[in-house]
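**Student:** I'd like to ask some things about the structure below.
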Amino acid sequence: MAEQGTILVTGGGRGIGATVSRLAAERGYAVAVNYANDKSSAQNVVDAITGSGGKAIPVQGDVADVRQVAEMFAAVDRELGPLTALVANAGITGKISRLDEADPETIARVVDVNVSGALYCMREAVRRMSTRNGGGGGAIVGLSSAAATLGSPGEFVWYAASKAAVDTMVLGLGREVAAEGVRVNAVAPALIDTEIHAAAGAPDRIERMAPGIPMGRAGTPEEVAEAVLFLLSDSAAYITGEVIRVGGGR
C-alpha cells in the first residue's frame, strides 16, 4: 500500500473514530489517534495499528480548548510529519432529555466540543494544508449526524443543532479553500451501533429505533468509516462542501 501521508483523527480511540483510525492505517496513513481523557482506549488502537505493521501515535488534547488543539497539531507535526488529512470526529451528546429539562452545562459542553472543537481543528488543518499557506493540500472530513436534519426532539435538540453547525462549516470552509488544494466534507451517520447510546443514558436505543430505519437495522462503525475514507481519497477528488448521509434510508 502506498503511503498516504499523515492523518489526525479526533476522538480516535473509541467508536467510529477508532474504526476510522484502523481503516486509515490499512489504507496507508500514519495515524495520530487523539483522545481527551481516555488514554487507554487510544493506546489500544495505536497498538493494534502498530502490531499490524502500521504507524500510529496517541496524542492528547481536548478539542474544545484552543491551546490544547494547537499543541496537539504541533505534536503531530513533530512526530509524524506534514498533515494530509483530518477527521474531525470528536463529539458528545450529553444525557437524553427534553431541551427544557437539560442541564445548561451539558448544552454548553456539547457546543464547545462539537462546534468550537471542529472549527478549531479545521482551522489548524487549513493552516498546514492550504497552498495559500505553503501547504501541499489535503482533505478534511467532519462527523455530522442525521440529527442535523431530524432535530432529535425529546432526545438532544442541542446535539442536533451542533451537528447542523458542522454541515454549515463544511459547506462554507469547503468553498473557502476549494482553490487552495483542500477539500472539506462531512459524513452524517444515522443510527450506528456504538457505545454513544449507553453514554447518553439509553442503552436500549438501538433496539427501540432500528425497526424505524428503512433498512431495518442500525449501521456499523465500519460502514461509516468506509464513507469517511472515500471522502479522503482521490476517488472523491471533485467533491467538496458536501455532506454524505450514512443512514440506511433514515
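**Student:** Among what's in segment 229-250 and is in a helix (DSSP H, G or I) and of a type outside the set (S, T, N, Q), pick the residue that is farthest from Gly219 (Cα to Cα).
**Tutor:** Out of the qualifying residues, it is Asp234.
**Student:** With respect to Ile49, is the statement that it is part of a helix (DSSP H, G or I) and either in contact with a helix residue (DSSP H, G or I) (Cβ under 6 Å, 6 or more places away or on another chain) or charged (D, E, K, R) (or both) true?
**Tutor:** yes
**Student:** Please find, among Glu124, Glu105, the residue that is surrounded by 15 or more Cβ atoms within 10 Å (Cβ to Cβ) and charged (D, E, K, R).
**Tutor:** Going through Glu124, Glu105 in turn, just one is surrounded by 15 or more Cβ atoms within 10 Å (Cβ to Cβ) and charged (D, E, K, R): Glu124.
**Student:** Related question: Going through Ala64, Ala85, Ala90 one at a time, which residue ends up being surrounded by 16 or more Cβ atoms within 10 Å (Cβ to Cβ), touching a strand residue (DSSP E or B) at 6+ places or on another chain (Cβ under 6 Å) and either outside any helix (DSSP H, G or I) or modelled with pLDDT of 95 or more (or both)?
**Tutor:** Only one candidate qualifies: Ala85.
**Student:** Still on this structure: Of all residues in segment 67-82, which are assigned to a helix (DSSP H, G or I) and farther than 21 Å from Arg22 by Cβ?
**Tutor:** Arg67, Gln68, Val69, Ala70, Glu71, Phe73, Ala74, Asp77, Arg78
**Student:** Do you know which of the residues in segment 202-228 that are among the hydrophobic types (A, V, I, L, M, F, W, C) and part of a loop (DSSP other than H, G, I, E, B) is farthest from Phe156 (Cα to Cα)?
**Tutor:** Met215
**Student:** Any residue at all in segment 38-52 that is at pLDDT 95 or above, buried (at least 18 other Cβ atoms within 10 Å of the Cβ), closer than 20 Å to Leu229 by Cα and within 15 Å of the chain's Cα centre (by Cα)?
**Tutor:** yes
**Student:** Only residues that are over 14 Å from Val76 (Cα atoms) and among the small types (Gly, Ala, Ser): list them for segment 108-134, please.
**Tutor:** Of everything in segment 108-134, those that are over 14 Å from Val76 (Cα atoms) and among the small types (Gly, Ala, Ser) turn out to be Ala108, Ser116, Gly117, Ala118, Ser130, Gly134.
**Student:** Here's something else I'd like to know. Do any residues in segment 224-239 that are more than 14 Å from Ala188 (Cβ to Cβ) and touching a residue at least 40 places away in the same chain (Cβ under 8 Å) have Cβ atoms under 8 Å from those of residues that are β-branched (Val, Ile, Thr) and outside any helix (DSSP H, G or I), where the two are at least six apart or on different chains, and which pairs are they?
**Tutor:** Listed pairs, sorted by first residue: Leu232/Ile7; Leu232/Val87; Leu232/Val141.
**Student:** Out of the residues in segment 8-37 that are part of a helix (DSSP H, G or I) and among the hydroxyl-bearing types (Ser, Thr, Tyr), state the one that is surrounded by the most Cβ atoms within 10 Å (Cβ to Cβ).
**Tutor:** Ser21
**Student:** Being among the small types (Gly, Ala, Ser) and within 21 Å of Ala188 (Cα to Cα) narrows it down to one residue among Gly17, Gly53; which is it?
**Tutor:** Selected residue: Gly17, the only one of Gly17, Gly53 that is among the small types (Gly, Ala, Ser) and within 21 Å of Ala188 (Cα to Cα).
**Student:** Next question. Taking segment 70-82 only, how many residues are touching a strand residue (DSSP E or B) at 6+ places or on another chain (Cβ under 6 Å) and aliphatic (A, V, I, L, M)?
**Tutor:** 4
**Student:** Now a separate question. Starting from segment 78-98, take each residue that is in contact (Cβ under 8 Å) with a residue 60 or more places away in the chain and list its partners that are among the acidic types (Asp, Glu), counting only C-beta distances under 8 angstrom and pairs at least six apart or across chains.
**Tutor:** Leu83/Asp77; Gly94/Asp103; Lys95/Asp103; Ile96/Glu155
**Student:** Let me ask something else about it. With segment 111-200 as the region, which helices (runs of 4 or more DSSP H) entirely inside it contain at least 1 residues that are in contact with a Gly (Cβ under 8 Å, 6 or more places away or on another chain)?
**Tutor:** In segment 111-200, the matching helices (runs of 4 or more DSSP H) lie at 117-129, 157-176, 196-199.
The values are calculated or read from the model by the stated rules, or taken from the named source; none is laboratory data. Since the structure is predicted, the reported quantities are computational estimates derived from the model, not experimental observations. No Cβ is skipped: glycine too gets one built from the backbone with ideal geometry, and neighbour counts run over all protein chains shown.
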